[in-house]
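Working notes for the structure below.
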Amino acid sequence: MALLCRSTALLLKHSKLLPSALAATRQYSSGGQYQYIVVDKKGEKKNVGFIQLNRPKALNALCDGLMLEVGEALDTFEADSEVGAIVITGSEKAFAAGADIKEMQNRTFQECYGGNFLAHWNRVSTVKKPVIAAVNGFALGGGCEFAMMCDIIYAGEKAQFGQPEILLGTIPGAGGTQRLTRAVGKSLAMEMVLTGDRISAQEAKQSGLVSKVFPADQLVSEAIKCGEKIAGNSKLVSAMAKEAVNAAEGNRLEKRLFHATFATEDRKEGMTAFVEKRKAAFQDK
Ligand code: HXC
């Protein structure tokens, strides 16, 4: 019921733009199930939140309803004190083939600008807990941008990344021009954004867009292993580290957050454990 209320409030906020999302919310009320995603907790200690995009007929095209559900799941994991990291994946064929072109086809400039279209996508980048994208298959347009909103990207060997918006007469609108440029450098980002050409998992690894490449069938378990490693550290200090890495402002903020770790018991425990040659027992305090 709580989910229904939160989701309904969100929908009311976006109601002009999101007719299809209403259907998704009705699903919560009837079955308590998500329509477009599968949500679980993974890892030996069930401390890794897990979201699988599950709209196979549309290659996980990111319709409004799907992105609202992702936001709901992230809210739930953020509030769950057991969860220390989150893994988001799609299917072997597609992480996500982009924002939903059929939904966007008839949208007007007035609707997009006036309704702040896609504002709800930002939840992926604002969640405090570290998020790992496990990308098999296509990560195109908004799908590539979604992966780049995550903190770490692992790719399956057959993954393909691209920003083909130019071929649709538009441009990336969810951070693609900014995050891709920071990840791979200006020349390759420009080439991808201006031609719509895709890069392979191997090229994505070489250029720094992804940190590791695995055989497709091992990708998700490797991402969960990474999530477990992260979840074993202080959640409080992980959130600070994430904020510092993501900060556009750079060094000043890093220093401020570094200093702030000294206000935590976990920092004291971590350094004390090192000196005492034992494993730290973090309390998230
Ligand atoms: C809506 C999509 C879709 C999308 C695929 N589908 N991508 N529906 N939005 N982004 C649907 C197809 O219409 C089709 O449904 C079904 O998924 C299978 O797709 P096919 O094209 O038949 O599959 P295939 O031949 O294997 O080709 C796969 C593909 C191609 C190369 C990924 O589907 C493709 O080029 N998709 C569009 C990729 C793209 O341009 N992405 C950027 C979107 S714009 P039906 O029912 O018709 O058979 C964007 C803007 C971001 O993301 C801005 C801010 C977020």
Taking R0 as 22 Å, what FRET efficiency do you get between K57 and T170 from their Cβ-Cβ distance, rounded to the nearest 0.05? 0.40
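How big is the antiparallel share of DSSP beta bridges in the chain, given as a percent to the nearest 5?
Numbers: 9 of 31 bridges.
The answer is about 30 percent antiparallel.
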Compactness of the stretch 128-177 as Cα Rg over 2.2 N^0.38 Å, two decimals: 1.16
Which of the lysines could a cross-linker span from K186 if the Cα-Cα distance has to be under 20 Å and same-chain partners fewer than 8 positions apart are dropped? K205
May I ask for the percentage of alpha-carbon pairs in the stretch 63-203 that lie more than 21 Å from each other? 42 percent
What is the Cα coordinate range of the chain on the first, second and third principal axes, sorted by size from largest, in whole angstrom? 63, 48, 39
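For a quick protection proxy, order the peptides 44-51, 194-201 by their average other-Cβ count within 10 Å, most packed first.
On the way: 44-51: 19.9, 194-201: 16.8.
The densest-packed peptide leads the list: 44-51, 194-201.
Read the figures in this text as sums done on the coordinates, not as results from a lab. Just so you know, these numbers come straight off a predicted model, no measurement behind them. Glycine also receives a Cβ, built like all others from the backbone with ideal geometry; neighbour counts cover every protein chain displayed.
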